[in-house]
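Read the structure below first, then the notes.
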Amino acid sequence: MSNQLYALSGQFETPDEIMHAAEEVNKKYKQYDVNTPYPVHGMDGAMGMGESPIGWVTLVVGTTCMLLMLCFIAWIQLVDYPTTFAGKPDFNLPGYVPILFETTILTGAVTTVLTLLFVVCGLPNNAHPIHDTNYAKRTSDDRFGIYVEAKDPAFNEAEVRQLFEQLGAKDIAPIYIDAEEVAAGKNMSVLKPQFIGFAATVVLVISGAAYFGLNHMVFLPPYNWMSVQPKVVPQKTNTVFKNGVSMQLPVEGTIARGFIPYAKVGAKEGFGQSMANPLDPTAEVFALGEQKYLTMCSACHGNYGQGDSRLNGQYPAPPSLHSKKAVEWADAEIYHVITNGQNIMPSYAKQLTRDERWAIVHYVRALQRSLNPKETDVQ
Amino acid sequence: MSTHTSQYQKKDLPPVVGQVGFGLLGVGLLLALVSFFVDPLRTKFISIMLFMFLAGIGVTSLFMVAIEYLAGAVWSTPLRRIFEMFSSLILFLPIFALPVVFSMQDLYEWTHKTDEILARKAAYLNQPFFMVRLAVIIGLWIVFYKLFTGNSLKQDTTQDQSLTAKNVKLSALFIPVMGLSITALSIDFLMSLEPHWFSTIFGVNFFIGSLTAALAVITIAVVLLNENGYLHPGTVRDHYYSLGFGMIAATVFWMYTAFSQGMLIWYANIPEETPWYLHRWDGDWKVITLAQILVHFIIPFFLLVQRKNKRNPNRMLFASVWILFAHLFDLYWVVMPAYRPQGPIIGWNELGFVLLAAGVIITVFHQQTKRKNLVAVGDPKLQRGLEFRL
């Protein structure tokens, strides 16, 4: 072979032998390497290797990305789009700890692996002189190999061979540099346009597929069978009716079953004695009235109707329901306020049925009585 | 390879170990007694810390033994006898439980007060059932301790491999038992100090905190013994490394559970969950709460993160002592707000108990070393354990 000598290799049968060999070789040579079919613990010690600096990559990248993430969150939450979650401060550090933790782990781990593959191992260039040699075949199968490179300053083929023989190595053989492989390998580098093009294609294809899948594919048949159905959908023109609206108004002059329209909508007066409370003041009616009052009215009027709004001034506090005016009002007048609204108090006709409104009237009456009881109530 | 299992020669520990142990024990006991007469309630609360400290170290040392068998780990085999010796603390737990058991009326609100919540918890939180649980838990631990160490010691002379197989089966039983029992113990002794509060990860947090402390105690013993030639000469720094690795892993996990408990409660902000943290946020307790992050996580993490440090005997000793301190700090933070809500107080009373705890651990360990080999010389995994390298 006309190729240049790369190294002289020897093979051993047991991990103990290779440990010993590595210790001996390490005494004299610096440019050598060991290949074993599985990790042999303690080998880095035998080869006199110090602590691997790869941990620093993990530390530096992990911490940097964590800080970047923190800045990103701070920017979102303080500058770009402040949002309040669960009454916590806008910048809510404890809540971000899980995110920061995961970011640190993810970026640290991924960069460590990528650094090993692309910087330390030099991928995608995988050319190496030991490829396709008997040495590589055996040391990836059942033997433990060591080779000393020719570029080691102390290298002398005869001396190395002698050392290997002393150590009891089998199949001592030279390894040559394959010029063709080297040339081919030089063409493979992360910076080569081919590789960059390849990586860019992968990125484009994956993100394009994700974009298409999530934004378009799910709206194509058959994936859209669930969402596109022959039924009436809100906010969509209805071609069946002339006016294009799905929710049709009742035919003029009719009312729905069980629904009694309120005649005095918008009326300013004249409803005072118009009707009496149709419900009997039973325990159930009070219970219903209490429940509905607490749900619908108490936020503004306070639990006891004293106008102590819980809205902390975000909405004008209403007057007390215990005022002389309100106490002297007829039931129908309170009913009118709930149904019709009054000035800035909106109408609750849509949220409360007629019976519920009358039940609330009973409850409001009971509240008023409770603050101003008659002699007979106290006994 | 040059090491061989037969190279171990048993040497007796120098008498100074016993003297130091007895000395600490004596001074600690004296201070504890004085403290009991001067400030009885405070002393009673401290005795909960003492009991939980020793119980945690004892049972998690046994856990280390079990996990070695179950995982088939070899790195710890040359050190396993040390784990076994520290787990003998379990035998003395009944004594240390007594001060707590006799002052339950003063310590635990649920023994004499009731309200709607406590009434519903009464099926679990009542004194007879508490005693039964305590007896069952310590009883089980003692049984497992006897079985494990019995088999292991027998192997020293018989070299019978089937004993290892027996202990493997025992470990598979012990680990779930330990998980449940240490959770129950931490609920009974620590969580029920503030009986309205509850947290599901509390037991895990106590377990992992105790494991860091147990590993720290083990590390101190291993480093001191090995540097002075009392262990098998094949024990090397790679073994220290593994102990350090366990400590840093447990420390990180401790922070993980402690933080997730605190963060979730803070986030959900539910009135029945927050009081426990509010008590630890009142007055100077806030300082202790925040200092936990530094003391129990950041400092030990950076002490141990580098490989260099985990292989350096002096740095390992320092880190272990620090971790023990951090664990005491944590126990203090869990127990004492129930005694003194207005703020932390640390004085000679607490110091006395630290000395007492150290005295107990050293004395018990010293007694153990008198009768037993310091290395499990008959273990079939010992040779591989000695050859363990990173």
Legend entry - Rh by Kirkwood over Cα pairs, then Stokes-Einstein D for the range B:156-305 at 1.002 mPa s and 20 °C, µm²/s: 118 µm²/s
Legend entry - Whole-Hz ³J(HN,Hα) from phi, Karplus 6.51 cos²θ - 1.76 cosθ + 1.60, for the range B:200-213, glycine and proline x: 7, 9, 4, x, 4, 4, 5, 4, 6, x, 5, 5, 4, 5
Inset, instruction - Put one equal scatterer on each alpha carbon of the range A:5-184, apply the Debye formula with no solvent term, and list log10 I(q)/I(0) at q = 0.10, 0.11, 0.14 1/Å to two decimals. - result: -0.57, -0.64, -0.83
Inset, instruction - Could you list which residues have their amide H under 5 Å from that of A:A7, counting only those 5 or more apart in sequence or on another chain, with H placed in the peptide plane? - result: A:A150, A:I175
Inset, instruction - Compute the distance in nm between two label points, each set 7 Å from the Cα along the Cα-to-Cβ direction, one at A:V79 and one at A:A326. - result: 5.0 nm
Legend entry - Cα-based Lys proximity count in the range B:74-171, under 29 Å, for pairs eight or more positions apart or on separate chains: 6
Inset, instruction - Quote the relative contact order of chain A in percent (integer), defining contacts as alpha-carbon pairs under 8 Å separated by 6+ residues. - result: 19 percent
Legend entry - Within chain A, longest stretch free of exposed GluC sites (Glu not before Pro) [DSSP loop, at most 16 other beta carbons within 10 Å]: A:52-251
Inset, instruction - For each of A:W358, B:W285, count neighbouring Cβ atoms within 10 Å of the residue's Cβ, then give the residues from fewest to most. - result: B:W285, A:W358
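When only Cα pairs under 8 Å and 6 or more residues apart are kept, what is the percent relative contact order across the range A:5-184?
Contact order relative to length: 52 percent.
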Legend entry - Computed Rg/Rh of the range A:271-377, alpha carbon atoms with Kirkwood Rh: 0.94
Legend entry - Viscosity 1.002 mPa s, temperature 20 °C, Stokes-Einstein D of the range B:242-390 from Kirkwood C-alpha radius, µm²/s: 117 µm²/s
Inset, instruction - For the range B:113-205, would you read off the P(r) tail past 24 Å as a percentage of all alpha carbon pairs? - result: 39 percent
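If you build the convex hull over the alpha carbons only and average its shadow over all orientations, what do you get for the range B:163-221? Give it in nm² to one decimal.
Average projection, Cα convex hull of the range B:163-221: 5.3 nm².
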Legend entry - Residue-averaged beta-carbon neighbours from other chains (10 angstrom radius) around B:254-267: 2
Inset, instruction - Give me the angle, in degrees from 0 to 90, between the Cα long axis of helix A:157-167 and the longest principal axis of the Cα atoms of chain A, rounded to the nearest 10. - result: 70 degrees
Legend entry - Point-to-point label distance, A:V245-A:A184, nm (Cα→Cβ direction, 7 Å offset): 7.7 nm
Inset, instruction - Sort the protein assembly as shown into rounded, prolate or oblate with this rule: let a ≥ b ≥ c be the square roots of the eigenvalues of the Cα gyration tensor; rounded if a/c is under 1.5, and if a/c is not under 1.5, prolate when a/b is larger than b/c, oblate otherwise. - result: oblate
Legend entry - Principal-axis tilt of helix A:15-28 within chain A, Cα atoms, nearest 10 degrees: 70 degrees
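Using the Cα centre of chain A as the reference point, and only Cβ charges (+1 on K/R, -1 on D/E), how large is the resulting charge dipole? Debye, rounded to the nearest 20.
About 2520 debye.
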Legend entry - Listed residues B:I298, B:P313, B:Q7: farthest to the positive end of the dipole of chain B (Cβ charges): B:Q7
Inset, instruction - Kindly write out, for the range A:257-262 in residue order, the coupling ³J(HN,Hα) from the Karplus curve 6.51 cos²θ - 1.76 cosθ + 1.60 (θ = phi - 60°), rounded to whole Hz, with x marking Gly and Pro. - result: 4, x, 10, 10, x, 8
Inset, instruction - Find how much the distance from A:L100 to A:E375 grows on full extension, using 0.36 nm per residue of separation minus their present alpha carbon separation; answer in nm with one decimal. - result: 92.3 nm
Legend entry - Peptide B:101-110, shielding by other chains (average Cβ, 10 Å cutoff): 0
Legend entry - Directionally averaged projected area (convex hull, Cα atoms, chain B), nm²: 18.8 nm²
Legend entry - Residue-averaged [θ]222 nm for chain B, counting only DSSP H segments that reach four residues, each worth -39500 (n - 2.57): -24000 deg cm²/dmol
Inset, instruction - Using per-residue counts of other Cβ atoms within 10 Å, averaged over each peptide, order B:123-131, B:138-146 from highest down. - result: B:138-146, B:123-131
Inset, instruction - Determine, for the range A:5-184, the count of lysine pairs separated by eight or more sequence positions (or lying on different chains) whose alpha-carbon distance falls under 29 Å. - result: 12
Legend entry - 25 °C / 0.890 mPa s Stokes-Einstein diffusion coefficient of the range A:323-379, Kirkwood radius on C-alpha pairs, µm²/s: 200 µm²/s
Legend entry - Sparse-neighbourhood loop sites, trypsin sites (Lys or Arg not before Pro) in the range A:318-379 - DSSP loop, at most 15 other Cβ within 10 angstrom: A:K350, A:K374
Legend entry - Rg/Rh for chain A, where both radii come from Cα atoms and Rh is the Kirkwood radius: 1.36
Inset, instruction - Give me a single rounded figure for A:40-47: the average over its residues of other chain Cβ atoms within 10 Å of their Cβ. - result: 3
Inset, instruction - For the range B:232-238, take each phi angle, set θ = phi - 60°, evaluate the Karplus expression 6.51 cos²θ - 1.76 cosθ + 1.60, and give the result in whole Hz per residue in order, putting x for glycine and proline. - result: 5, x, x, 6, 10, 5, 4
Legend entry - chymotrypsin sites (Phe, Trp or Tyr not before Pro) lying in DSSP loop within the range B:1-87, provided at most 14 other Cβ fall within 10 Å: none
Legend entry - Reachable lysines from A:K242, criterion Cα separation under 29 angstrom, eight or more residues apart if same chain: A:K231, A:K350
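Taking the mean number of other Cβ atoms within 10 Å as a proxy for protection, how do you rank A:234-247, A:64-77 from highest to lowest?
Taking the mean over residues of other Cβ atoms within 10 Å, the ranking is A:64-77, A:234-247.
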Legend entry - C-alpha long axis of helix B:348-371 to longest principal axis of chain B, angle in °: 30 degrees
Legend entry - Qualifying aspartates and glutamates (Cα of each under 20 Å from Cα of B:K11; at least 8 residues distant if same chain): B:E84, B:D156, B:E227, B:D379
Inset, instruction - List the residues whose amide H sits under 5 Å from the amide H of A:Y32, counting only those 5 or more places along or on another chain, with H placed 1.01 Å from N in the peptide plane. - result: A:E149
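Please go through the range B:190-246 and write out the chymotrypsin sites (Phe, Trp or Tyr not before Pro) that DSSP classes as loop and that have at most 16 other C-beta atoms within 10 Å. Numbers along the way, then the final one.
Details: sites: B:W197, B:F198, B:F202, B:F206, B:F207, B:Y230, B:Y240, B:Y241, B:F245; in loops: B:W197, B:F198, B:Y230.
Sites meeting the loop and neighbour criteria: B:F198.
The numbers here are math on the coordinates, done by the rules we state, and not lab data. Everything numeric in this text was worked out from a predicted model, so none of it was measured. Every residue, glycine as well, gets a Cβ built from its backbone with ideal geometry; the counts of neighbours run over all protein chains shown.
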